[in-house]
1. Fewest first, what order do Val32, Val55 take by the number of other Cβ atoms within 10 Å?
2. Please compute the length gained on full extension between Glu51 and Leu64, using 0.36 nm multiplied by the number of residues separating them and subtracting their Cα-Cα distance.
3. Using the Cβ atoms and a cut-off under 12 Å, what net charge is assigned to the surroundings of Arg23, where Lys and Arg are +1 and Asp and Glu are -1?
4. Count charges around Tyr43 for me, please; just the other residues with Cβ under 15 Å from its Cβ, Lys/Arg as +1, Asp/Glu as -1.
5. Report the extension gain between Leu41 and Glu17 in nm, rounded to one decimal, defined as 0.36 nm multiplied by the number of residues separating them, less their alpha carbon distance.
Amino acid sequence: MARENGETNGRGNRTMENIAYIRQMLGELRAVAENEGADMLCYLIEMAYVEAGDVHSGRRALTLSHGERHKSPRMPF
């Protein structure tokens, strides 16, 4: 699957760097969750890790079409 249009510009490169960073952090979080014995959390983090890898490699689009998309609830920070 082709990557999103405009990805060859500076913004696209920055986006792919950010996705790689997210994937790296997810790997670290999974290790922490595994050390704590949080099996469900490990599974969910691993799924996000795989998804980030697919996006980074171009196997999956960064976003869904607006018509197919469901807004996720915002996480409080």
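Just so it is clear, none of the values below were taken in a lab; they were calculated from the coordinates. Note that this is a predicted model, so its numbers are computed, not measured. Positions of Cβ are generated from backbone atoms using ideal geometry, with glycine treated the same way; all protein chains shown enter the neighbour counts.
1. On the way: Val32 12, Val55 21.
Arranged by neighbour count, lowest to highest, Val32, Val55 become Val32, Val55.
2. On the way: separation 13, 0.36 × 13 = 4.68 nm, distance 1.30 nm.
Net length gain for the segment: 3.4 nm.
3. It works out to a net charge of -4.
4. Charge balance near Tyr43 sits at -4.
5. So the extension gain works out to 6.2 nm.
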